[in-house]
Amino acid sequence: ARRQRQMCIRDRIEGEKNLEGNSWVGDNAEVFGNAKVIDSAVMENAIVRDNARVINDSCVAGNALVTGGVVVDNSIITDDARIKQSATVANSSVDGYSSLSGMANVKDCTCSVNTHIVNAQVCNMDMSGDIYIEDTEVGHGSSMAERGCVEYIRPALLTSELLKKLRSS
């Protein structure tokens with residue numbers, strides 16, 4: 001029985017090198033490669049791999065995938081979200097079928113329901129709907145009370161101009 005348990009743990013977590021501090025990896029979750037989970041949790045069917053870092057009370061759950069050189073800091077990644085390549089997520093929530101990739105940098109945001117961010121800097125925003133942001137810098141306000149809320153139901157490339165139109169309507 002002991003050998004079987006060790007094999008199960010090895011299948012889910014490559015080694016002790018993958019976990020630090022007060023970390024948790026659930027029964028079906030996987031952490032492998034050079035990935036690190038530090039003072040955070042990976043649960044349900046989530047996968048953290050390659051050189052990804054999940055740190056500072058973050059949670060990766062559902063069927064989420066965190067891969068590449070990603071840093072997830074004090075954030076929640078859930079459902080079928082995909083965070084990959086060199087993206088950084090801080091103080092944010094990413095869920096639904098949302099994805100962040102390339103050099104995306106998302107801070108103090110909520111990204112849900114098909115929000116896709118590629119090589120963009122996005123700060124202090126709540127986004128929901130079929131929104132695609134690429135190679136731009138978008139932000140609003142400096143506190144939670146000033147956060148912008150963007151909801152859009154058709155596929156859209158979010159630019160500063162479109163953002164102004166959405167906020168004014």
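Local charge sum around VAL71 (other residues, Cβ-Cβ under 13 Å, Lys/Arg +1, Asp/Glu -1)? Within the 13 Å Cβ shell, the charges total +2.
Straight Cα distances below 12 angstrom link LYS107 to the aspartates and glutamates ASP73, ASP126, GLU137, with same-chain residues fewer than 8 positions distant left out.
The numbers here are math on the coordinates, done by the rules we state, and not lab data. All figures in this text were calculated on a predicted structure; none of them were measured in a lab. Using ideal geometry, Cβ is built from the backbone for each residue, glycine included, and neighbour counts are taken over all protein chains shown.
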